[in-house]
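Enquirer: Take this structure, written in structure tokens, and hold onto it; I'll ask about it next.
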Amino acid sequence: MIIFSHSRHQWTNKVQDISQKGNDKLIIAYSNFIKERKISSKLILFEYGEDVTASKELISRLGISSKVIWCPKMSRKEIMIGIKFSDLVCGEFSHSWLIGGTICEALAMSKPLISYRDKSSLYYKDLDLYKIFNSYSHEEITKSFITYLESPNKFQKIAGENKIWYEKKIVEPFLIKHLKYFNSLNIEK
């Protein structure tokens, strides 16, 4: 089971900073998961962000260094290849975001996304959104990993629906807008 997380490592500053990602929650959840389930698994992380050293130290303290693969910071096209070969993509676990790079990349590649969405926010109330496996705490993230292990087909079905959502809500409007613009230029052929 390959769990892919390409979010920037930023979590040690406990002030409610907008750039916090909750990487510590993911690392603790993964540690709990592999110790409980004892399956063949790897967590893919990237050397990107202010708290890479803190994340590596946490991984070492938890005794899971052999289960984590660290990749250097790389281009989006290379990240997409990694996503393609993963089972799950993890987003952020500190703040609730509607859209962002990690989210779009998981949706585009038809991969299940574990991330945080504040369901109580009125902002999300009437929006037609893609589905995530909503997790905020390390306990909830661990539970999402276990649920995936027990019913991967459910996760894959939702990931397929999310790709359709992404194409209809993100890709098609972008293409229509830009085609309209280029057609308005009246460039002679």
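Enquirer: Applying the selection to the stretch 124-155, what residues are over 15 Å from the mean Cα position of the chain (by Cα) and not in a loop (DSSP other than H, G, I, E, B)?
Expert: Correct list: Y124, E139, K143, I146, T147, L149, E150, P152, N153, K154.
Enquirer: Would you please list the contacts, defined by Cβ atoms under 7 Å and residues six or more apart or on different chains, that run from a residue in the stretch 26-49 that is on the phi < 0 side of the Ramachandran plot to a residue that is buried (at least 24 other Cβ atoms within 10 Å of the Cβ) and among the aromatic types (F, W, Y)?
Expert: Pairs that qualify, where the first residue is on the phi < 0 side of the Ramachandran plot and the partner is buried (at least 24 other Cβ atoms within 10 Å of the Cβ) and among the aromatic types (F, W, Y), are L26/F93; A29/F145; F33/F145; L43/Y30; I44/F4.
Enquirer: Is it fair to say F46 is touching a Cys at 6+ places or on another chain (Cβ under 6 Å), of a type outside the set (A, V, I, L, M) and at pLDDT 95 or above?
Expert: yes
Enquirer: I'm trying to understand the selection: among the residues of the stretch 98-130, which are surrounded by fewer than 15 Cβ atoms within 10 Å (Cβ to Cβ) and in contact with a Leu (Cβ under 8 Å, 6 or more places away or on another chain)?
Expert: Selection gives L98, Y123, Y124, L127, L129.
Enquirer: If you take the residues in the stretch 85-123 that are among the hydroxyl-bearing types (S, T, Y) and assigned to a helix (DSSP H, G or I), which one is modelled with the lowest pLDDT?
Expert: Looking at the filtered set, the residue picked out is Y123.
Enquirer: Which of the following residues is at positive phi, touching a residue at least 40 places away in the same chain (Cβ under 8 Å), in contact with a helix residue (DSSP H, G or I) (Cβ under 9 Å, 6 or more places away or on another chain) and not acidic (D, E): S94, S110, S55?
Expert: S110
Enquirer: I need a count of the residues in the stretch 141-189 that are over 18 Å from G101 (Cα atoms), among the aromatic types (F, W, Y) and exposed (fewer than 15 other Cβ atoms within 10 Å of the Cβ).
Expert: Number satisfying all stated conditions: 2.
Enquirer: Then there is this: Among the numbered conditions (1) over 17 Å from the mean Cα position of the chain (by Cα); (2) loosely packed, with under 14 Cβ neighbours inside 10 Å, tell me where T12 comes up short.
Expert: It fails just one condition, (2).
The values are calculated or read from the model by the stated rules, or taken from the named source; none is laboratory data. Everything quoted here is computed from the prediction, not taken from an experiment. FYI the Cβ positions are ideal-geometry reconstructions off the backbone, even for glycines, and counts take in every protein chain you see.
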